[in-house]
Amino acid sequence: MINSSAFEAFLRQFKPILYRRKERIILPGEDTDSIFYVAQGHVKQSILSPSGNQFTPYIFAPSTFFPQIWLEKGKLSDIADHEYESLTPVEVYKIPKEQLLEYLKENPNEVFILHEQLTVYSAELLKKLETRVFSDAYHLVILALLDLARLFGKKEEKIILIEYWFTHHDIASISGLSREVVTKQMNKLGEKKLIGYKNHFITVNNPELLKAELET
Amino acid sequence: MKNSKKILIIEDEADILELLVDKFISEKFKVLQSTSAEKGIQLALENKPDFILLDIILLKMDGITMLKKLRQNPWGKNVPVIILSNVTDQTKVSEAMRLGVYDYIIKTNLVLNDLVKQVKEVTNF
């Protein structure tokens, strides 16, 4: 997480941009000479197949940059079917690539932080691909819930409260399943007492047991 | 009406308030309404609605201050809130996001059917 005072001063020259939830920030096939920095909220990256299937490789949390391909030499148009959409209301900064490169040259230590983000991104992507290829709807829903618990979770005694008002529609869009299928799997997890609801929020009642379900 | 969801609308522009109230009543919601944040917070804590629509600019206490007070309450800290804003309220919307909101709407872009769909989704999970 880049949170140095130098970076804060660098950011101040740009105007923050707000997006409502479910707004597209980068459209499929769109190229950009800028990188986005997430100041508040969460952004979902999706890949859309020609047949209309959706896959969410990653959710970008506050203090991260997207798109990750920018960190390599690639262009977004090389991966035409990627899109970036706000999962919650978000506040982002759109930084021209050249200006960020200049900043990084002057602050080389912060390059390590970007590399760390890229490593986490790659690890998450591999885990998601493995689940997507080798697992079923039940496991995809568990993976989505574990992701949300990691990003939005607050520990309350033994449970984790996912502190945003996620619906079955949202989990369907994250896991690439239909809402009906998600509801069925969520009910199954509820019957096993692995998840529940508390004050408008989904709860993960025992994260270790839920993780263990991925192995079943 | 036994299982209908309860929504609280706090908006000081009479025509917008009327529009929202009529729409949510026609969609079988139980509707509570207020033109001020002071009465709004009182209605919220007494009636514990399933959802709150909150105008960001209000006379006396503004929407941000009300949201802060709401989030300090054990019940109010988790209630889903949509902020109603104007194009020029970007800084206030950003501040509201820090306090935790489900979404925000710019009033000039308001599409009633989309709003109802959104509220139904989040109150019926």
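Checking the Cα-Cα distances for A:Lys154/B:Lys60; B:Lys60/B:Lys107; B:Lys23/B:Lys69 against a 25 Å cut-off, the pairs over it are A:Lys154/B:Lys60; B:Lys23/B:Lys69. Here the label points at A:Ala123 and A:Leu104, each 7 Å from Cα along the C-beta direction, are separated by 2.0 nm in the simple model. Neighbour counts of other Cβ atoms within 10 Å put A:Glu23, A:Glu85 in the fewest-to-most order A:Glu23, A:Glu85. Normalised Debye scattering of the protein assembly as shown at q = 0.08, 0.09, 0.12 Å⁻¹ gives log10 I(q)/I(0) of -0.42, -0.53, -0.94, counting only Cα atoms as equal scatterers and leaving out solvent. Across all directions, the average projected area of the convex hull around the alpha carbons of chain B is 7.1 nm².
Cβ-Cβ distance of B:Asn124 and A:Glu215, R₀ of 35 Å, FRET efficiency by 1/(1 + (r/R0)^6): the value works out to about 0.60. Relative to the longest principal axis of the Cα atoms of chain A, the long axis of helix A:179-191 lies at roughly 60 degrees. Among A:Ile160, A:Ile142, A:Ile17, the largest mean-square fluctuation in a Gaussian network model of chain A, built with springs joining Cα atoms closer than 10 Å, belongs to A:Ile17. Over chain A, Cα pairs under 8 Å with separation of 6+ residues give a relative contact order of 20 percent. Dimensions of the range A:5-133 based on its C-alpha atoms, expressed as ranges along the principal axes with the largest first, amount to 44, 29, 23 Å. Listed from fewest to most Cβ neighbours within 10 Å, the set A:Glu83, B:Glu27, B:Glu11 follows the order B:Glu27, A:Glu83, B:Glu11. Taking the longest Cα principal axis of chain A as reference, the axis of helix A:137-152 is set at about 50 degrees. Comparing B:Asn47, B:Asn109, B:Asn86 in a Gaussian network model of chain B (Cα springs below 10 Å), the most mobile by mean-square fluctuation is B:Asn109. Here the relative contact order of the range A:5-133, from alpha carbon pairs under 8 Å that lie six or more residues apart, stands at 35 percent. Using a simple spin-label model with pseudo-atoms 7 Å out from Cα toward Cβ, A:Lys192 and A:Lys15 lie 5.0 nm apart.
Stokes-Einstein, applied to the Kirkwood radius of the range A:136-213 over Cα pairs at a viscosity of 1.567 mPa s and 4 °C, places its translational diffusion at 107 µm² s⁻¹.
Across the range A:101-201, the mean sequence separation of Cα contacts (distance under 8 Å, 6 or more residues apart), normalised by length, yields a relative contact order of 20 percent.
Quick note: the coordinates plus some simple rules give every number you see, no bench work behind them. No experiment lies behind these values; they were computed from the predicted model shown. Glycine gets a Cβ as well: all are built from the backbone with ideal geometry, and neighbour counts include every protein chain shown.
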